[in-house]
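The values are calculated or read from the model by the stated rules, or taken from the named source; none is laboratory data. This one's a predicted model, so the numbers in the text were calculated from it and none came from an experiment. Cβ atoms come from the backbone with ideal geometry, glycine included; neighbour counts cover every protein chain shown. Keep in mind that these areas ignore ligands, DNA and RNA; they rest on the heavy atoms of the full protein, side chains included. Shrake-Rupley method; radii C 1.70, N 1.55, O 1.52, S 1.80 Å.
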Amino acid sequence: MTDRHERLSSAHLYLVCDDRPDEFLAGALAGGVDLVQLRMKDASDEEIVAAGRRFAAAAADHGALFILNDRPDLVAATGADGVHVGQDDASVADARATVGPERIVGLSTHSPSQVDAASGVGVDYIGVGPVHETPTKPGRPAVGLELVRYAAAHTTVPFFAIGGISPANVRAVREAGASRIAVVRALTGARDVQHAARGLRAAITGEVQVGAAQ
């Protein structure tokens, strides 16, 4: 197991976001974000590489992992620790061939059959969701907590519950069997990102119970 994979196995809080200022990244990472994924669907290669290098440096400063969304071909150029692909993106096999065995490959899953299939294709982790409807995935129906329960019982790789997770519902997600969550708006929309990250991390690990306010 590589150092990257060891850090993945102990991770709890995953931030997915577009390009963000250094101050935001520093606050999120100081608050306990273990992985940060850069998602720039419509940007040029040059823009992705420039932002990715900043993200990689920020993550390294805090001992966190930096994951690039959907661009295995730019992982080396950005210095990313791995890549995340969706069901309709590059195949896991192609992503693995591009980034190599030392780096991380993650995969989105949205159904029990996709959760089952992921265990046999060589991914290092899966995202499970969207648990709740979210504007970051328009048109993607919510899978609810039932798929979280299914993943907790069946998957052989680490999984992150994702999709509309907030301080108001993270306890229910944990009680459904998740010990890892991935969030977007819960941090990108927070007034105090460090405080918000600290609260979410504590909630998913069971250290505290959080309410709707944060």
message: Under 9 Å between Cβ atoms, which residue pairs at least 6 apart in sequence (or on different chains) link something in segment 80-104 that is of a type in the set (Ser, Thr, Tyr) with a partner that is at pLDDT 95 or above and part of a strand (DSSP E or B)?
response: Ser91/Val85; Thr98/Val83
field: When residues of segment 123-137 are limited to those that are outside any loop (DSSP other than H, G, I, E, B) and in contact (Cβ under 8 Å) with a residue 40 or more places away in the chain, the one farthest from Gly100 (Cα to Cα)
entry: Val128
task: Can you confirm whether segment 96-112 contains a residue that is surrounded by 21 or more Cβ atoms within 10 Å (Cβ to Cβ), under 13 Å from the mean Cα position of the chain (by Cα) and closer than 18 Å to His12 by Cβ?
output: yes
Positions within segment 152-165 being open to solvent by 20 Å² or more (accessible area, probe 1.4 Å), in contact (Cβ under 8 Å) with a residue 40 or more places away in the chain and touching a strand residue (DSSP E or B) at 6+ places or on another chain (Cβ under 9 Å), in sequence order: Thr155, Pro158, Ile162
statement: The one condition Arg149 fails out of (1) surrounded by 20 or more Cβ atoms within 10 Å (Cβ to Cβ); (2) modelled with pLDDT of 95 or more; (3) under 26 Å from Ala186 (Cβ atoms); (4) not aromatic (Phe, Trp, Tyr) is (1)
- prompt: Of all residues in segment 18-34, how many are buried (at least 20 other Cβ atoms within 10 Å of the Cβ) and more than 22 Å from Arg171 (Cα to Cα)?
  reply: 3
message: Any residue that is surrounded by fewer than 21 Cβ atoms within 10 Å (Cβ to Cβ) and at pLDDT below 95 - is there at least one of those in segment 122-131?
response: yes
- request: Just give me the residues in segment 169-195 being surrounded by 24 or more Cβ atoms within 10 Å (Cβ to Cβ) and of a type in the set (Gly, Ala, Ser), in sequence order.
  value: Ala178, Ala182, Ala186
- request: Among the residues of segment 45-67, write down those that are under 16 Å from Glu6 (Cα atoms) and out of contact with any His (no Cβ under 7 Å at 6 or more places or on another chain).
  value: Ala59, Ala60, His62, Gly63, Ala64, Leu65, Phe66
- request: Only residues that are in contact with a helix residue (DSSP H, G or I) (Cβ under 7 Å, 6 or more places away or on another chain) and surrounded by 20 or more Cβ atoms within 10 Å (Cβ to Cβ): list them for segment 75-89, please.
  value: Val75, Thr78, Ala80, Asp81, Gly82, Val83, Val85
message: Return the residues of segment 1-17 that are closer than 14 Å to His84 by Cβ, open to solvent by 10 Å² or more (accessible area, probe 1.4 Å) and not in a strand (DSSP E or B); say none if nothing qualifies.
response: Arg4
message: Can you find a residue that is under 26 Å from Pro21 (Cα atoms), in contact (Cβ under 8 Å) with a residue 60 or more places away in the chain, assigned to a helix (DSSP H, G or I) and charged (D, E, K, R) anywhere in segment 199-212?
response: yes
query: Among the residues of segment 157-185, how many are part of a strand (DSSP E or B) and small (Gly, Ala, Ser)?
result: 2
